[in-house]
Amino acid sequence: MLYQLYDMQQTLLSPVRLAAEAVQNVFSHPMLPMSYTRFGRAMAAGAEMIERATRRYGKPAFRLDKTTIDGMEVPVAEEVVLSKPFCDLLHFKRETPAERDDPAVLVVAPMSGHYATLLRGTVEALLPDHDVYITDWMNAALVPMIEGTSFDLDDYVDYLIEFMEFLGPETHLIAVCQPSVPVMAAVSLISVLDPATAPRSMTLMGGPVDTRVNPTKVNKLAEDRSIEWFERTVTTNVPPGYPGFMRRVYPGFLQLTGFMSMNLDRHVGSAMKQYQHLVRGDGLSAQAHREFYDEYLSVMDLDAAFYLQTIRLAFQEHALPTGTWVSRGRKVDPGAIRNTALMTVEGELDDISGVGQTYAAHALCTNLPADRHRHWLQKNVGHYGIFNGKRWRGEIMPQVRDFIRENR
């Protein structure tokens, strides 16, 4: 019922959105003298704000069609090298000289509401020095039930194992946020099942490996509510009209509500600044705002089984750090990791995964030699700044790059 109400709301808002778009087009038209006045810009700005607030945002594109290697611009093409019902393994193929031997890197994107394109900046910074792959997770509402009635955390781990086997043992993993937990599980399992295919290294960035350490508001919410509460309150069935009709999901629009409410004052302030930029005619600042929120407001549904199992195992039972996780009859033991180097990255101001939660991974890898461990605490950045922005490009990525090359 919840999903149907959301769809109905979007339908009812369609005339408002169309009217706002028409007003914006009129008052920003270069042939209309009024568009050059403050009144005209104010009308166009207000209409744009209404249109964007009522728009339904689809999946963005990566838009990474080139990179610079050794001072030369080279083309980049996206190619799906392995397709699964809930994920495409996407490769950013660079046209580089045959003799160039950059390490292969699998960026494991979070399945936590946003599309993998949220890591556009992560991939962009890696491309000049790495052969980059990424997990491009599907919107669960678009996956027909014939492809599987559910997709849970164990399925996620199995996908990662299959991707590692496909790419081979020369691969390096980078897990951003939520996948730090299943990446550790997958590497632990493959280190037992087939040690020869274990990746060379794994870098965990801002992940909830042990949320008992320095818990955040997000962690406390997950612990204070029962699994039954989450299932009853935030999951619903996909309505007719979608390929995934009848699939139980945690809808993207509910996730977005949670994201926005965590920093509501910041988002309201950003919207007010955007209006002022538009009225003043500050095109560069306005475009930067659009690009950020086009990405931020693009969300996808998660399969309810994955969401609920993640809440239970990672945030309530702390199954990874306590050694109680059994995935399809296979005990997840990070102590089995002997050949995969480990790097952890944390942000000093991270309010999603508190400082120390990712670092906790080192204590779990009891049989990994000391010289295969590394930790980087980035000062003055929050969660998003760990993998995007100038601090990622200028300070964090060089550390990750050097770590990968030292463990080839």
ask   = How large is the helix-only mean residue ellipticity at 222 nm for the chain, computed as the sum of -39500 (n - 2.57) over DSSP H runs with n ≥ 4, divided by its residue count, in deg cm²/dmol to the nearest 500?
value = -12000 deg cm²/dmol
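If Lys and Arg each add +1 and Asp and Glu each add -1, what is the summed charge of the other residues whose beta carbon sits under 15 Å from the beta carbon of Arg290? Intermediate values should be presented prior to the final figure.
Details: positive: Arg52, Arg55, Arg63, Arg120, Lys273; negative: Glu21, Glu48, Glu51, Asp282, Glu291, Asp294, Glu295.
Net charge in that neighbourhood comes out at -2.
Just the number, please: percent antiparallel of the DSSP beta bridges in the chain, rounded to the nearest 5.
On the way: 24 of 48 bridges.
Among the beta bridges of the chain, antiparallel pairing accounts for roughly 50 percent.
Nearest 0.05, what FRET efficiency do Leu193 and Arg55 give at R0 = 45 Å with Cβ-Cβ as r?
0.45
Counting other beta carbons within 10 Å of each residue's own, what order do Val143, Val249 fall into, fewest first? Intermediate results must be reported in sequence, preceding the final value.
Details: Val143 22, Val249 26.
Going from least to most buried by this count: Val143, Val249.
Under 13 Å from the Cβ of Ile396, count the other residues' Cβ atoms, weight Lys and Arg +1, Asp and Glu -1, and hand me the total. Write down the numbers at each step before the final one.
Working: positive: Arg374, Lys379, Lys390, Arg391, Arg393, Arg401; negative: Glu346, Glu348, Asp350, Glu395, Asp402.
Result for the neighbourhood of Ile396: +1.
Taking 26 Å as the cut-off for C-alpha to C-alpha distance, list the pairs among Lys84/Lys220; Lys59/Lys331; Lys84/Lys217; Lys217/Lys331; Lys273/Lys390; Lys66/Lys390 that go past it. Walk me through the intermediate numbers first.
Values: Lys84/Lys220 34 Å; Lys59/Lys331 36 Å; Lys84/Lys217 34 Å; Lys217/Lys331 30 Å; Lys273/Lys390 22 Å; Lys66/Lys390 19 Å.
The answer is Lys84/Lys220; Lys59/Lys331; Lys84/Lys217; Lys217/Lys331.
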note = Largest fluctuation, Asp350, Asp158, Asp282 only, Gaussian network model of the chain with Cα springs under 10 angstrom, belongs to Asp282
note = Measuring from the longest principal axis of the C-alpha atoms of the chain, the long axis of helix 264-280 (C-alpha) lies at a number of degrees, nearest 10, equal to 50 degrees
note = Comparing Met300, Met272, Met343 in a Gaussian network model of the chain (Cα, 10 Å), the one with the largest mean-square fluctuation is Met272
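Based on the Cβ-Cβ distance of Ala288 and Val326, what FRET efficiency does E = 1/(1 + (r/R0)^6) give at R0 = 35 Å, to the nearest 0.05? Numbers along the way, then the final one.
Numbers: r = 47 Å, r/R0 = 1.33.
Here the calculated transfer efficiency is 0.15.
Assign unit charges at the C-beta atoms only (+1 for Lys and Arg, -1 for Asp and Glu), then state the dipole size of the chain relative to its Cα centre in Debye, rounded to the nearest 20. Intermediate results must be reported in sequence, preceding the final value.
Details: 40 positive and 49 negative charges, 225 e Å.
Taking the Cα centre of the chain as origin, the dipole is about 1080 debye.
Quick one: net charge around Cys365, please, counting Lys, Arg +1 and Asp, Glu -1 for every other residue with C-beta under 15 Å from its C-beta. Intermediate results must be reported in sequence, preceding the final value.
Details: positive: Arg200, Arg338, Arg372, Arg374; negative: Asp210, Asp333, Asp371.
Surrounding charge for Cys365 is +1.
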request  = Post the alpha-carbon centroid distance, the stretch 131-146 to the stretch 372-393, in whole angstrom.
outcome  = 27 Å
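Can you list which of the GluC sites (Glu not before Pro) found in the stretch 345-397 are DSSP loop residues with at most 13 other C-beta atoms within 10 Å? List each step's numbers first, then the result.
Working: sites: Glu346, Glu348, Glu395; in loops: Glu348.
Listed in order of number, the matching sites are Glu348.
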task = Rounded to the nearest 10 degrees, what's the angle between the helix 180-193 long axis and the longest principal axis of the chain, both from Cα atoms, 0 to 90?
result = 30 degrees
key: Difference of contour (0.36 nm per residue) and Cα-Cα distance, His375 to Arg405   = 9.2 nm
task = Report the calculated FRET efficiency for Lys217 and Glu170 (r = Cβ-Cβ distance, R0 = 35 Å), to the nearest 0.05.
result = 0.30
ask   = Which of Ala222, Ala22, Ala98 moves the most in a Gaussian network model of the chain with Cα springs under 10 Å?
value = Ala98
ask   = In percent, how large is the relative contact order of the chain, given Cα pairs closer than 8 Å and 6 or more residues apart?
value = 19 percent
note = Helix 283-296 sits off the longest principal axis of the Cα atoms of the chain, rounded to the nearest 10 on a 0 to 90 degree scale, by 50 degrees
ask   = Roughly speaking, what is the centre-to-centre gap between the stretch 42-97 and the stretch 183-234 when only Cα atoms are used, to the nearest Å?
value = 27 Å
query = Leaving out same-chain residues fewer than 8 places away, which aspartates and glutamates sit with a Cα under 16 Å from that of Lys379?
reply = Glu346, Glu348, Asp350, Asp351, Glu395
task = Would you please state which residues of the stretch 281-296 a label at Met272 would reach in this model, taking the label point 7 Å out along Cα→Cβ and a backbone N cut-off of under 19 Å?
result = 281-282, 286, 289-290
remark   = Note to self: C-alpha centroids of the stretch 289-315 and the stretch 149-178 sit apart, in Å, by 18 Å
message = From the convex hull of the Cα coordinates of the stretch 343-408, what is the mean projected area in square nanometres?
response = 4.5 nm²
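When the dipole is taken about the Cα centre of the stretch 222-370, and only Lys, Arg (+1) and Asp, Glu (-1) are charged at their Cβ, what size is it in debye, to the nearest 20?
Numbers: 13 positive and 17 negative charges, 93 e Å.
Dipole magnitude for the stretch 222-370 comes out near 440 debye.
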request  = Mind ranking 161-174, 116-129 by how tightly packed they are, going by the mean number of other C-beta atoms within 10 angstrom, highest first?
outcome  = 116-129, 161-174
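Laboratory data are not the source of any read-out in this text; all were calculated from the coordinates shown. All of these numbers come straight from a predicted model, not from anything done at the bench. Here the Cβ is made from the backbone with ideal geometry for all residues, glycine too, and neighbour counts use every protein chain on show.
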